[in-house]
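First the structure, in the form of structure tokens, and then the observations on it.
The values are calculated or read from the model by the stated rules, or taken from the named source; none is laboratory data. Keep in mind that this is a model prediction, so the values were computed, not measured. No Cβ is skipped: glycine too gets one built from the backbone with ideal geometry, and neighbour counts run over all protein chains shown. Side chains included, ligands, DNA and RNA excluded: accessible areas come from the protein's heavy atoms. Shrake-Rupley method; radii C 1.70, N 1.55, O 1.52, S 1.80 Å.
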Amino acid sequence: MSKNLKRLASQVAVYGISSVVARLLNYLLVPYYTRIMSPAEYGVITDIYALIPFALVVLSMGMESGYFRFAAKAEGAEGVRKVYASTWGIVLLVSALFFALVALFNTPLSRAMGYEGKDYLLVAAGIITLDVAAMIPFSRLRQEGKALTYALLKLLSVIINIGLCILFYNAQIECFAFYDTPTDAGYALVANLVASAATLLLLLCCNKWHSPRISRKVLRPIVLFSLPLLVSGIAGTANEFIDRQMIKYLMPAENSLAALGIYGAVLKIGVVMQLFTQMYRLAAEPFFLAEFKKDEFKNTNAETMKYFIIVSVAIFLLITLFSDLFALIVGPDFREGMHILPIVLVSNALSGVVLNLSFWYKQSGATKYAIVVTFTGLLFTVVFNIMLVPTLGYVGAALARLVCEFAMVVVSYRLGQRHYPIPYDLKRIGEYIVVGAAIYALSWSTSDLAPAIKYIESTLLLIGFAAYAVRRERIDLGGIIKSILHRK
């Protein structure tokens, strides 16, 4: 394992600890929601929270990657300050305009989405505006390596959110009775709104440069770099979340929200794979977008891909071998969808592969290829959802997502090898995928064993894969641990 990769591994671990703790605390709401709400009520949360990431991508305009790229190239602290002030200023302006438009057209928009008489969209717009406002300040913490401050703020936001949710749904205090029923999805949105506001205020207190000022000269090259990422981000987010809308509008109306709730709950069970990809992105994006020698970047990216696949296979096995335990995360009414979990996990892993394959065009500045990759995925997503959802329901949506992610991997890989060839060790990567698939097949074939014996078998299989990978790659676990502990 190279020195660069050990450094990245330590950064992934630092960001990962904070992300895992924060996200796991947040995911405590999933078993809570799915036990107090019906599938249809939880379907509302799934629906609204499928729209929020799309809006975040649009309003952030690819400026996160742009900030990392140009802050790394800026001359001195003053240059970095100008990049920060301009990128933050433009996203603040756009997000404020967004909130004003949603407030102006809230009634017709709510009616069109089936939420007439509710304030769901207005509250969601407030969450989006506050979260967009916090993006660049949070990016600055990442760029400066202030992982502890980043972690504490994220953790505090989650704690506030969970505390308010419990208060709203259980306290039964009259002044908190915003909605007609005690399990209305709106309470979750209001709690999130307050948590986002508190986080932004604390973030600004921790931020030395909190004066946004747009400089056309500074902003122009950042916009040219970020615009393709914005376009691809819109398509990419649509790839990931449009399946929820397809379920809502392509299935019979009387069943759509319940199916959406079940589908959303099963997606949440894949939290470990999502957490790994998220914590990897937090560390890898500023890492790979910093200044690199071309050959050093290629070799590091190739090595990173292999280890990403190894960990992804291990996570897949962890969740699928113990799927009956992971099913306890959601309420009994939601467990009928557990059969799509392996499909969901593979899709999540492929999404991480796409992320790895994106660093070459971000690092080289050829961000136009992001559009090709993500619009290919969007095409497959729309076509296969239209084909499969009306007959297969949420199973069709899961399959469509798998096809979409696989198509993006193929296109991104082929483009990369043509324009910026990276020596990925496909033979070794394929070896780990085959071993993981064989272990999963063996476990599936012995599913009728007694529970105690089955758990022992699953544990041994998982340990066996981990030991095989460590020995095969000669992974220096002690070196990685020392790098984490000694990281300043």
* Asked: Of all the C-alpha pairs in the chain, what % are more than 42 Å from each other?
  -> 15 percent
* Structure fact -> Under the rule rounded for a/c under 1.5, else prolate if a/b exceeds b/c, else oblate, using alpha carbon gyration tensor axes a ≥ b ≥ c, region 343-440 is classed as oblate
* To do: Quote the Stokes-Einstein diffusion coefficient, in whole µm² s⁻¹, for region 28-70, based on the Kirkwood radius over alpha carbon pairs, a temperature of 37 °C and a viscosity of 0.692 mPa s.
  => 262 µm²/s
* Taking only protein heavy atoms into account and a 1.4 Å probe, give the accessible area per residue of the chain in Å². => 44 Å²
* **Per DSSP, loop GluC sites (Glu not before Pro) in region 81-186 with at most 14 further Cβ within 10 Å** => Glu116, Glu144
* Asked: Of all accessible surface on the chain at a 1.4 Å probe, what whole percent is carbon and sulfur?
  -> 67 percent
* Pull out the extension gain between His419 and Asp180, defined as 0.36 nm times the separation in residues minus the alpha carbon to alpha carbon distance; nm, one decimal. => 80.3 nm
* Mean Kyte-Doolittle of at least -0.5 plus a Cα span of 30 Å or more along the axis: flag which DSSP H helices in the chain meet both, please. => 3-27, 39-60, 76-104, 120-143, 147-170, 216-250, 294-321, 341-364, 368-392, 394-419, 451-473
* In deg cm²/dmol, rounded to 500, what helix-only [θ] at 222 nm does the chain give when every DSSP H run of at least 4 residues adds -39500 (n - 2.57) and the total is split over its residues? -> -28000 deg cm²/dmol
* Structure fact -> By the Cα gyration tensor axes a ≥ b ≥ c (a/c under 1.5 gives rounded; else a/b larger than b/c gives prolate, otherwise oblate), the shape of region 135-275 is oblate
